[in-house]
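Take a look at the structure below.
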Amino acid sequence: VILAGFQVEMQQFIATQPELRKRFALTFEFPDYSCLELAKIFSDLAEAKGFDLDDELTVEVVGQLLEQETTPYWRSERNGRVSEMLLSGARTEVRKRIRHAAFEEGEEVDPHLIVKEDVENVIRDEFK
């Protein structure tokens, strides 16, 4: 049996259950993902969903944006979900660019390409 959760909450839970404390003598604590790790997860998720990242949108650039625009506390509250939230928001930004291009003559948008501006918009507008 494996129990998983945030460190403080799990410690409180185990502390209130003396019988459980005896049965779970061994615990593992995993550190939160770094910004670069979150960026890599985002990149892998995007690829798995059929998206490409624009050449200027490298894993390092995404990691720097996360580092600059979010706080460690905000990231720790969400941990790996940050990457999922970023992909979800980027998909919305791509759809917005497609709709906008439909009204602009001659402008084409690759529906499978996430550009730097997409990620910047998500982080600026949704990651606060």
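The values are calculated or read from the model by the stated rules, or taken from the named source; none is laboratory data. Model, not experiment: these values are computed from the prediction. Areas reflect the complete protein model, heavy atoms only, side chains present, ligands, DNA and RNA absent. Shrake-Rupley method; radii C 1.70, N 1.55, O 1.52, S 1.80 Å.
Worth pointing out:
- Exposure ranking of Glu126, Glu120 by accessible area [1.4 Å probe, largest first]: Glu126, Glu120
- Distances between every pair of Cα atoms in the chain, grouped in 5 Å steps from 0 to the bin holding the largest one, split as 2, 10, 18, 18, 13, 11, 9, 7, 6, 4, 2, 1, 1, 0 percent.
- Probe 1.4 Å, protein heavy atoms only - accessible area per residue of the chain in square angstrom: 71 Å²
- Cα-based shape type of the stretch 49-89, given that a ≥ b ≥ c are square roots of the gyration tensor eigenvalues and the cut on a/c is 1.5: oblate
- Carbon + sulfur, % of accessible area of the chain - ligands and nucleic acids excluded, 1.4 Å: 52 percent
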